[in-house]
Amino acid sequence: MAQKSFTSLARKTLLRRGRAILRLRQDYGDSKAAGDGPDYLVGLSDAERHELEEVHAALERIERGIFGRCEDCGVDINRERLAPRPYLRTCSACDNKTVEVPVNVARV
Ligand SMILES: [Zn+2]
C-alpha cells in the first residue's frame with residue numbers, strides 16, 4: 001500500500017475514533033454543544049481525554065508529515081501495528097524498552 005493511502009486511511013481511523021469518544025461523552029447526558037471550546041472535554045474520563053489527546057497529536061503528525069515514525073528511534077512503525085492504533089508514538093522495539101507510564105506520573 002502506498003504511504004499516502006495508508007496515511008489517509010489512518011487519518012480516517014483517527015477522526016472516527018475522536019468522534020466516537022466525543023459521542024460517548026454526549027451520551028452521558030451533557031447537553032452542551034460539542035466542540036465548543038475546552039468545555040467539550042467536560043465529562044470525559046481521564047482515559048478518554050488522554051486518548052483524544054493522542055488522536056489529536058497523531059493528526060498533527062500527519063499534518064507535519066512525520067506520521068508513523070517512532071518518536072524514540074525514528075524508524076517507521078510497523079503498519080500492521082499502526083493500522084488499528086494510528087496514535088502509537090513508538091515502534092515495538094522502543095515500546096518493549098519502556099513500560100507505559102501515565103503522563104502525570106512520568107519521571108522527569
Ligand atoms: Zn523506536
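The values are calculated or read from the model by the stated rules, or taken from the named source; none is laboratory data. Bear in mind that the values here come from a model prediction, so they are computed numbers and not experimental data. Cβ coordinates were reconstructed from backbone atoms using ideal geometry, including for glycine residues, and neighbour counts include every protein chain displayed.
So which of A83, A57 is away from the ligand (no atom under 16 Å from the Cβ), surrounded by 11 or more Cβ atoms within 10 Å (Cβ to Cβ), under 22 Å from G18 (Cβ atoms) and at pLDDT 95 or above? Let's see the steps before the verdict.
Details: A83 fails: at pLDDT 95 or above.
Within the list A83, A57, the selection yields A57.
Considering only the stretch 60-80, state which residues are of a type outside the set (D, E, K, R) and within 12 Å of the ligand (Cβ to nearest atom). Steps first, please.
Looking only at the stretch 60-80, we keep the residues that are of a type outside the set (D, E, K, R), and these are 62, 65-68, 70, 73-75, 77-78.
Hits for the stretch 60-80 are G68, C70, C73, G74, V75, I77, N78.
Just the residues that are of a type outside the set (A, V, I, L, M) and without any contact (Cβ under 8 Å) to a residue 40 or more places away in the chain, please, taken from the stretch 70-83.
Residues of the stretch 70-83 that are of a type outside the set (A, V, I, L, M), as a first pass: 70-74, 76, 78-81.
The answer is C70, E71, D72, C73, G74, D76, N78, E80, R81.
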